[in-house]
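Student: Encoded as structure tokens, here's the structure I'll be asking about.
The values are calculated or read from the model by the stated rules, or taken from the named source; none is laboratory data. The shown structure was predicted, so the numbers you read here are calculated from the model rather than taken from an experiment. A quick note on method: Cβ atoms are made from the backbone with ideal geometry, for glycine too, and the neighbour counts reach across all protein chains shown.
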Amino acid sequence: MSTTTEKQNIQLAVRIDAANPLHHLWNNNGTWWCHFTLHNDSYQKQRVRMSLGTNDSSKAIRKRDLLFARISPAKSIAAQ
């Protein structure tokens, strides 16, 4: 039996509030977390919550920005 890996386009769906540098971030007992939504080709969405592993808000902002830069509409990932 062979398996094939389908490619699906994943789009990051976020509304960025320029007045709030901590958009999509929250502090949970000293650790910063990021939350966002991904949409795929099959019109399904996936809510993502992930720890950024830091208690420093400036590091959390940088990690969030790097994460959002990696997830762009032009990129594809293998379907799981």
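Student: So if I check each of LYS63, LYS59, LYS7, which one is of a type in the set (Lys, Arg) and modelled with pLDDT under 90?
Tutor: LYS7
Student: Does the stretch 16-35 contain at least one residue that is at pLDDT below 85 and of a type in the set (S, T, N, Q)?
Tutor: Within the stretch 16-35, not a single residue is at pLDDT below 85 and of a type in the set (S, T, N, Q).
Student: Next question. In the stretch 36-56, what count of residues is obtained for those that are among the small types (Gly, Ala, Ser) and modelled with pLDDT under 90?
Tutor: Number satisfying all stated conditions: 1.
Student: Then there is this: Which residue pairs have Cβ atoms closer than 7 Å, lie 6 or more positions apart in sequence or on different chains, and pair a first residue in the stretch 26-37 that is buried (at least 16 other Cβ atoms within 10 Å of the Cβ) with a second residue that is of a type in the set (Ser, Thr, Tyr)?
Tutor: Correct list of pairs: TRP32/THR54; TRP32/SER57; TRP33/SER51.
Student: Being of a type in the set (Phe, Trp, Tyr) and assigned to a strand (DSSP E or B) is the filter here, so list the residues in the stretch 10-45 that pass it.
Tutor: Within the stretch 10-45, TRP26, TRP32, TRP33, PHE36 qualify.
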